[in-house]
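Heads up, the thing below is written out as structure tokens.
The values are calculated or read from the model by the stated rules, or taken from the named source; none is laboratory data. Quantities reported herein were computed from a predicted structural model and do not represent experimental measurements. Positions of Cβ are backbone-derived with ideal geometry, glycine not excepted, and every protein chain shown enters the neighbour counts. For the accessible areas, the whole protein counts, side chains as well, though only heavy atoms, and no ligand, DNA or RNA atoms are used. Shrake-Rupley method; radii C 1.70, N 1.55, O 1.52, S 1.80 Å.
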Amino acid sequence: MKTIAILTGGGDCPGLNAVIRGVVRSAVGTRNWRVIGIEDGFDGLLTGLKTRELDLKAVRGILQLGGTLLGTSNHGNPLHYPVMENGEVHWMDVSEQVVENFNKTGADALIAVGGDGTLKIAQRLYELGMNVVGIPKTIDNDLKATDVTFGYNTAVGVVTEALDRLHTTAESHHRVMVVEVMGRDAGWIALESGIAGGADVILLPEIPYSIERICDAIRRRRERGGRFSIVVVAEGAHPLDGDRVLQETAGKNRGGVDRLGGIGQHVAEQISQCQDMEVRTVVLGHLQRGGTPSPFDRILGSRFGVKAVDLIAAGDYGKMVALRGRSVVSTTLQEAVGSLNLVPPHGELVEAAEKLGIMLGR
Ligand code: F6P
């Protein structure tokens, strides 16, 4: 009988509970193993050992719930951890301490569910000799080694519904609605929900925009009788000659990661100066991460959980589960964290959007 541990790290996303349930049902229910949950991501292995027993009863009724039963954290990165020495903050790699604490749990292997940051930590722990398997999670869908991450499908659904609702009010008031959505480095959410929601302009981190061209596009649409416009902006979008807009720079509370936000308002101010329709901004923010996962994400999360347990049963560590085509497969953590899955600026999806008459800022 094995004991395995699972943690969820980084920003939460819909489908995490489906993964936890999939792991427990497969490990406890099918294989008669024991599962321990580590609370609040890697914090649960750093700031005191925070664990809980995950038996079949603990995962009952959670499939349809958003968030994560175990809690998570997107600060406290063990590879870049603030340690106070002589009244000064020093950023240190404390992963050996994580291994030490993990060994105290008595677990044979760890399943780390997370995005790029969490999987990089998982890779480091594997290099230090820990038995680790990764599961890719992020609404941004920016992980290279899988066709899609769970959570993304739900987020696209939430944004599409918001765009449908904003369409009716934009049309009634003859306004330009600028909608800021998540997507730090990759604009998948903006692009796919923008296409699904009939956006007129979509701005992505991968395609620096020209505000003059956006204004031209809105004015031309107006001349053709379009008395409103919907502009979808990914939080990581930026102009040709400028940087991303930050709410907060990386600091000790941010685990070395900048907090983005504000580009929607910035673009809205510029659009209101170049044409005469009223402009409003909506920031969808964490609405995109919360709430009920879509059936697709529940199924993918469940399959990923089962596959991670299969990898542990085979002693196949240092791997991440992934979706390729219609199959759940495994790949190395090394490959998974090598580079990001960005929107190809001249790919089929972008070109289809342009042929549909959507303006992409260029
Ligand atoms: O990585 C997912 C993500 O949704 C990013 O798009 C966004 O920048 C980030 O999380 C925001 O995280 P938080 O506000 O929870 O720190």
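Looking at (1) at pLDDT 95 or above; (2) open to solvent by 40 Å² or more (accessible area, probe 1.4 Å); (3) within 16 Å of the ligand (Cβ to nearest atom); (4) outside any loop (DSSP other than H, G, I, E, B), which is the only condition Arg244 fails?
(4)
Out of curiosity, is Gly290 surrounded by fewer than 16 Cβ atoms within 10 Å (Cβ to Cβ), at pLDDT below 95 and not in a helix (DSSP H, G or I)?
no
Report, ordered by the first and then the second residue, all pairs with beta carbons closer than 7 Å, sequence separation of six or more or different chains, a first member in region 101-127 that is more than 16 Å from the ligand (Cβ to nearest atom), and a second member that is part of a helix (DSSP H, G or I) and aromatic (Phe, Trp, Tyr).
Leu110/Phe102
When you look at Val233, is it modelled with pLDDT of 95 or more, within 16 Å of the ligand (Cβ to nearest atom), among the β-branched types (Val, Ile, Thr) and open to solvent by 20 Å² or more (accessible area, probe 1.4 Å), yes or no?
no
For a quick check of your reading of the model, give me the residue pairs whose first member lies in region 175-203 and is within 15 Å of Thr281 (Cα to Cα), whose second is of a type in the set (Phe, Trp, Tyr), with beta-carbon atoms closer than 6 Å and at least 6 apart or on different chains.
Arg175/Phe228; Leu203/Tyr209
So Thr51 passes all but one of these: (1) under 24 Å from the mean Cα position of the chain (by Cα); (2) in contact (Cβ under 8 Å) with a residue 40 or more places away in the chain; (3) over 21 Å from Val257 (Cβ atoms). Which condition number does it fail?
All conditions are met except number (1).
Assess whether Gln275 counts as being surrounded by 15 or more Cβ atoms within 10 Å (Cβ to Cβ), free of Cβ contacts under 8 Å to residues at least 60 places away in the same chain, farther than 30 Å from Thr3 by Cβ and outside the structural domain of Asn17 (by TED's automatic domain parsing).
The answer is no for Gln275.
Can Val306 be described as assigned by TED's automatic domain parsing to the domain that holds Asn17 and either in contact with a Lys or Arg (Cβ under 7 Å, 6 or more places away or on another chain) or part of a loop (DSSP other than H, G, I, E, B) (or both)?
Answer is no for this residue.
With the condition being open to solvent by less than 10 Å² (accessible area, probe 1.4 Å), I'd like the strands (runs of 3 or more DSSP E) fully within region 74-192 carrying at least 3 qualifying residues.
109-114, 132-136, 175-181
In region 308-327, which residue that is among the hydrophobic types (A, V, I, L, M, F, W, C) and farther than 12 Å from Pro136 by Cα is surrounded by the most Cβ atoms within 10 Å (Cβ to Cβ)?
The qualifying residue surrounded by the most Cβ atoms within 10 Å (Cβ to Cβ) is Val309.
Output the residue which, of all residues in region 273-314 that are farther than 30 Å from Asn131 by Cβ and among the β-branched types (Val, Ile, Thr), is nearest to the ligand (Cβ to nearest atom).
Selected residue: Val283.
Have a look at Pro14, Pro78 and point out the one that is in the same structural domain as Leu311 (by TED's automatic domain parsing), more than 18 Å from Ala313 (Cα to Cα) and in contact with a Phe, Trp or Tyr (Cβ under 6 Å, 6 or more places away or on another chain).
Of the residues listed, the single one that is in the same structural domain as Leu311 (by TED's automatic domain parsing), more than 18 Å from Ala313 (Cα to Cα) and in contact with a Phe, Trp or Tyr (Cβ under 6 Å, 6 or more places away or on another chain) is Pro78.
Can you tell me which residue is surrounded by the most Cβ atoms within 10 Å (Cβ to Cβ) among those in region 27-73 that are of a type in the set (Asp, Glu) and more than 16 Å from the ligand (Cβ to nearest atom)?
If we take residues in region 27-73 being of a type in the set (Asp, Glu) and more than 16 Å from the ligand (Cβ to nearest atom), then Glu39 is surrounded by the most Cβ atoms within 10 Å (Cβ to Cβ).
Contact list please: Cβ distance under 6 Å, first residue in region 256-270 and of a type in the set (Ser, Thr, Tyr), second residue open to solvent by 10 Å² or more (accessible area, probe 1.4 Å) and more than 11 Å from the ligand (Cβ to nearest atom), pairs at least six apart or on different chains.
From residues that are of a type in the set (Ser, Thr, Tyr), there are no pairs.
Could you please let me know if Ile214 is open to solvent by less than 60 Å² (accessible area, probe 1.4 Å), assigned to a helix (DSSP H, G or I) and more than 16 Å from the ligand (Cβ to nearest atom)?
Considered against the rule, which asks whether it is open to solvent by less than 60 Å² (accessible area, probe 1.4 Å), assigned to a helix (DSSP H, G or I) and more than 16 Å from the ligand (Cβ to nearest atom), Ile214 comes out as yes.
I'd like to check something: does region 228-240 contain any residue that is assigned to a loop (DSSP other than H, G, I, E, B), over 21 Å from the mean Cα position of the chain (by Cα) and under 27 Å from His174 (Cα atoms)?
yes
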